[in-house]
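Nothing in this text is a laboratory measurement; each read-out follows from the coordinates by a stated rule. This structure is a prediction, so every number in the text was calculated from the model and none was measured. Positions of Cβ are backbone-derived with ideal geometry, glycine not excepted, and every protein chain shown enters the neighbour counts.
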Amino acid sequence: MKVKFLMLAGSIMYIMSSCTVGQQYQVTGAPIGSKEGVAKTKIIGNQDFSVKAAAENGGITTIGAVQLTQKMILVFPVSKTTVYGN
């Protein structure tokens, strides 16, 4: 009985846990700017989370900074790219 409870508790903790990693880059000498563009992954479907896709989504032509964030939801990696610029 105790083993089943520990297995159940461990499984619930695993399912509810997630890990997030973020990195920021100043990629050019351009100012940060007032615009922000975001590109995300989905579990199923479009997987384009490139800097180019994020810049296009925000209407950015001059990139000032880039932020990359990755996290795990259960066993699925979810990535997000945020671009700042003008």
Restricting to the range 45-81, give me the number of residues that are polar (S, T, N, Q) and either at positive phi or touching a Gly at 6+ places or on another chain (Cβ under 7 Å) (or both).
4
Could you please let me know if A39 is surrounded by 10 or more Cβ atoms within 10 Å (Cβ to Cβ), in contact (Cβ under 8 Å) with a residue 40 or more places away in the chain and under 14 Å from the mean Cα position of the chain (by Cα)?
yes
For the range 61-80, check the following and say yes or no: at least one residue is surrounded by 14 or more Cβ atoms within 10 Å (Cβ to Cβ) and among the charged types (D, E, K, R).
yes
Checked the range 48-86 for anything of a type in the set (S, T, Y) and not in a strand (DSSP E or B); matches are S50, T61, T62
Would you please name the residue that is nearest to Q70 (Cα to Cα), looking only at residues in the range 20-45 that are part of a loop (DSSP other than H, G, I, E, B) and of a type in the set (S, T, N, Q)?
T41
Give the range 43-86 a look and list any residue that's closer than 14 Å to I32 by Cα, within 15 Å of the chain's Cα centre (by Cα) and among the β-branched types (V, I, T), or say none.
V66, T82, V83
